[in-house]
Amino acid sequence: MTITALGDGSPTHRRDKAEILCKRPTMETNCQTILQLLKSELEFLDKGGYKHHPRSPWRAPYIFEDSPSCPNASDRARPHLCEECWLMQFVAPEFREEQVPCRFVDLTGNGVTVDSLYRCGTPAESEEGLRTWLQRRIHELESQLSEVEQLPLLSR
């Protein structure tokens with residue numbers, strides 16, 4: 001099951017997406033977990049986590065890869081498979097086989113990815129794109145979870 005942008009943002013589309021993602025208790029738990037991870041990532045960003053990398057002060061930190069939410073962040077050997085990462089649900093299928101798939105999270109819905117911002121954007125643009133993406137995903141999941149809570153217990 002993937003979490004994607006809500007398309008046109010219409011209430012009908014949003015309700016359908018919430019029912020698909022969060023109808024069963026396990027999916028609701030998954031949505032809550034993802035919501036918490038997104039909030040943690042936003043907090044890391046807002047506290048300047050992507051300004052300086054303590055282990056590699058000569059380079060800017062990599063978005064997602066140098067975040068505490070990355071299972072490989074503290075180990076250069078990368079023992080954890082990216083396919084097991086919570087961010088994979090935000091990576092388009094055609095990019096999931098890339099060496100670092102999280103660099104291909106589409107931050108805008110227009111194909112602007114972390115990777116393309118590394119190539120063509122400034123650090124400030126990268127952070128702002130990430131912040132906007134995180135805030136949008138957080139809002140979407142909070143709305144979906146709110147809708148799930150309003151569903152009758154029998155339909156969960």
For this session: Please state, to two decimals, what the Cα-based radius of gyration of the stretch 38-117 comes to when divided by 2.2 N^0.38 Å (N = residues).
Result: 1.08
Exercise. Got a sec? Charge dipole of the stretch 43-156, +1 on Cβ for Lys and Arg, -1 for Asp and Glu; which of Trp58, Leu117, Cys85 is way out at the positive end?
Worked result: Trp58
For this session: With 5 Å bins from zero, work out the P(r) of the stretch 62-156 over every alpha carbon pair and list the percent per bin.
Result: 2, 12, 19, 20, 18, 12, 8, 5, 2, 1
Problem set entry | Residue-by-residue Karplus 3J(HN,Hα) for the stretch 44-52, coefficients 6.51, -1.76, 1.60, Hz, glycine and proline x | 4, 4, 5, 8, x, x, 9, 7, 9
Seminar exercise, completed: A correct Karplus calculation of ³J(HN,Hα) over the stretch 57-63, with 6.51 cos²θ - 1.76 cosθ + 1.60, θ = phi - 60°, whole Hz and x for Gly and Pro, returns x, 7, 9, 6, x, 7, 4
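A short reminder: the numbers here are calculations on the coordinates, not readings from a lab. Not measured: the values here are computed from a predicted model. Virtual Cβ from ideal backbone geometry, glycine too; neighbours counted across all protein chains shown.
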